[in-house]
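Everything on this sheet refers to the single structure shown next.
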Amino acid sequence: MTIPVDIAALGARAAAMIEQLGAISSAPDNLTRLFLTPEHRRAADLVARWMGEAGLAVSEDALGTVRGAWHPAGPDAPRLLIGSHIDTVVNAGKYDGALGVILGILAVEAVARGGLTPGYGIDVLAFGDEEGTRFPTTLSSSAACAGVFLPASLAAMDGEGISLAEALRAYGKTPDDIATSAYDPSRVIAYVEAHIEQGPVLEAEDAPLGIVTAIAGASRLSITVTGEAGHAGTVPMRLRRDALAGAAEMALAVERIARAGTDGMVATVGRMHVEPGSVNVIPARVVFTVDLRSASDASRRAALTRFEADAHRIAEQRGLGVVISAFHEVATVPCYHDIQRRLGDAVASLGARAPLLPSGAGHDGQAMAKLCPVGMLFVRCKGGISHNPAEYASPGDMGMAAAALIRFIERFQQPHYNGGTSGAQT
Ligand SMILES: [Zn+2]
């Protein structure tokens, strides 16, 4: 059956809900809503109210994830999970995370009210810890749902010395209950998330929506370059071992590698520390970081190998020492091919074109992929700006995204994804 959709009305509702949720902040003059804070509580309560008004059965798990259940085929039927997060970074935009939760509620409300009776159920999820702003953990809410929560992260401390375990207790939760938050993989069909793109591609392509092919994996390196300090006025150029000049050449090398790279590869040198850091002393030691991402682990590894070779060659030519250490590694999560296709069909049925693109940013889907196949729908955002108060998605685009989720749910018809989260990459 085809549920009637009014894109303008859906967009207007989404925009009003974005404003309401965006007003819940710990700061008077910007949006800051961190995990397990009073603001998280207020946001969770608002989301729970919306879910209840939409006809969903509301519960909350041991990590504070709000769950809105619509189970027309009974509680034992397999479930489609639709979600995103309601925590933010400091001085955030209103759309990152919040939009996906709101669109999930609007879409499920529409199909439920429209009389759809699929053979599966839907849970709308509002996670509380995606950004990793308060604790040095991230995705702990979705990890708990996926059954891969690491108990060691309970000891993680926030900036005020409060551990995650203590914060959970203060929020009214029992850390011992976390294992009960895990979904039974045999009962879950897939996880789907709508999210603002956080990049400029859809705007450049003049497309309101995009289909995510993969959540890019990331490698982070720390590179220490050692040379020799010397007087800026007396050491001739040919006798210098300038650690900063070498580090700069290495930064340009990784830029060149990423520019020539495939699978949406991007590389960033975001931090560089120079010693001794004096205006009249040749730099003796430089420590800098490289953040390298791509939607293919193979291309990322090949790029890392090339960069290491370049860095050692540059160091040798300049008489410098170089030590490279990797301190963070996250594998690429491919979005399930069949879900990409179904999301694309749903968008096409609305008369729009949805380009395929990788996500350079991390998302809850990275944890949920440990549980089930994942898919993501991107919504165009103005100027590609996010993690910034200027973040903006138009009501028209949000309405299109809600309508696309409705069409996706209608067509979903309980496919049989029998295990395996990375399969079907056909
Ligand atoms: Zn987000």
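Quick notes on this structure:
- For the residues Asp87, Asp76, the requirement of being within 16 Å of the ligand (Cβ to nearest atom) and in a loop (DSSP other than H, G, I, E, B) singles out Asp87.
- Among the criteria (1) farther than 18 Å from Ile82 by Cβ; (2) within 16 Å of the ligand (Cβ to nearest atom), the one Val333 does not fulfil is (1).
- Residue match in the range 87-101 (condition: of a type in the set (A, V, I, L, M), in contact with a Pro (Cβ under 9 Å, 6 or more places away or on another chain), in the same structural domain as Met17 (by the TED database) and surrounded by fewer than 24 Cβ atoms within 10 Å (Cβ to Cβ)): no
- Of the residues in the range 272-280, not one is on the phi > 0 side of the Ramachandran plot and not assigned by the TED database to the domain that holds Ala311.
- Scan the range 84-129 for residues that are closer than 30 Å to Arg411 by Cβ, out of contact with any Phe, Trp or Tyr (no Cβ under 9 Å at 6 or more places or on another chain) and not hydrophobic (A, V, I, L, M, F, W, C) and the total you get is 8.
- Whichever residue in the range 92-107 is in a helix (DSSP H, G or I) and within 14 Å of the chain's Cα centre (by Cα) and, among such residues, is farthest from the ligand (Cβ to nearest atom): Val101
- Gly384 over 23 Å from Leu10 (Cα atoms), within 16 Å of the ligand (Cβ to nearest atom) and at pLDDT below 95: no
- Filter pass, Glu228 being closer than 30 Å to Phe327 by Cβ, within 16 Å of the ligand (Cβ to nearest atom) and not aliphatic (A, V, I, L, M): no
Condition check ((1) over 30 Å from Ala167 (Cβ atoms); (2) within 12 Å of the ligand (Cβ to nearest atom); (3) surrounded by fewer than 24 Cβ atoms within 10 Å (Cβ to Cβ); (4) within 21 Å of the chain's Cα centre (by Cα)) across all residues:
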{"site": "Glu109", "(1), (2), (3), (4)": "yes, no, yes, no"}
{"site": "Arg113", "(1), (2), (3), (4)": "yes, no, yes, no"}
{"site": "Leu116", "(1), (2), (3), (4)": "yes, no, yes, no"}
{"site": "Gly119", "(1), (2), (3), (4)": "yes, no, yes, no"}
{"site": "Val124", "(1), (2), (3), (4)": "no, no, no, yes"}
{"site": "Glu131", "(1), (2), (3), (4)": "no, yes, yes, yes"}
{"site": "Thr137", "(1), (2), (3), (4)": "no, no, yes, yes"}
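- Listed by first and then second residue, the pairs with beta-carbon distance under 9 Å, at least 6 apart or on different chains, first residue in the range 328-349 and closer than 26 Å to Thr2 by Cα, second buried (at least 24 other Cβ atoms within 10 Å of the Cβ) and acidic (Asp, Glu), form an empty list.
- For the range 237-265, a residue qualifies if it is over 23 Å from the mean Cα position of the chain (by Cα) and in a loop (DSSP other than H, G, I, E, B), and the qualifying residues are Arg240, Arg241, Asp242, Ala260.
- Selection status of Ala295, at pLDDT below 95 and either assigned by the TED database to the domain that holds Gly227 or touching a Pro at 6+ places or on another chain (Cβ under 8 Å) (or both): yes
- Where a residue in the range 153-175 is assigned by the TED database to the domain that holds Gly64 and its partner, wherever it lies, is surrounded by fewer than 16 Cβ atoms within 10 Å (Cβ to Cβ), with Cβ under 6 Å and at least six apart: Ala156/Pro136; Ser163/Ala155; Ser163/Met157
- Only one of Arg342, Arg318, Arg380 that is surrounded by 16 or more Cβ atoms within 10 Å (Cβ to Cβ), among the charged types (D, E, K, R), at negative phi and assigned by the TED database to the domain that holds Met265: Arg318
- Residue within the range 218-236 that is charged (D, E, K, R) and part of a loop (DSSP other than H, G, I, E, B) present: yes
- All positions within the range 336-374 that are within 16 Å of the ligand (Cβ to nearest atom) and either part of a loop (DSSP other than H, G, I, E, B) or more than 17 Å from the chain's Cα centre (by Cα) (or both): Gly360, Ala361, Gly362, His363, Asp364, Ala369
- Candidates Ala14, Ala48 - the one that is assigned to a helix (DSSP H, G or I) and either basic (Lys, Arg) or surrounded by fewer than 19 Cβ atoms within 10 Å (Cβ to Cβ) (or both): Ala48
- Residue count for the range 109-162, restricted to those that are touching a Gly at 6+ places or on another chain (Cβ under 6 Å) and in a helix (DSSP H, G or I): 2
Yes/no matrix, rows are residues, columns are (1) aliphatic (A, V, I, L, M); (2) under 30 Å from Arg169 (Cβ atoms):
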residue: Ala57; (1), (2): yes, yes
residue: Asp61; (1), (2): no, yes
residue: Ala69; (1), (2): yes, yes
residue: Leu80; (1), (2): yes, no
residue: Gly114; (1), (2): no, no
residue: Thr137; (1), (2): no, yes
residue: Ser141; (1), (2): no, yes
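- If the condition is being touching a residue at least 40 places away in the same chain (Cβ under 8 Å), assigned to a helix (DSSP H, G or I) and over 30 Å from the mean Cα position of the chain (by Cα), then the range 289-322 contributes Asp310, Ala311, Ile314, Ala315, Arg318.
The values are calculated or read from the model by the stated rules, or taken from the named source; none is laboratory data. Keep in mind that this is a model prediction, so the values were computed, not measured. Glycine also receives a Cβ, built like all others from the backbone with ideal geometry; neighbour counts cover every protein chain displayed.
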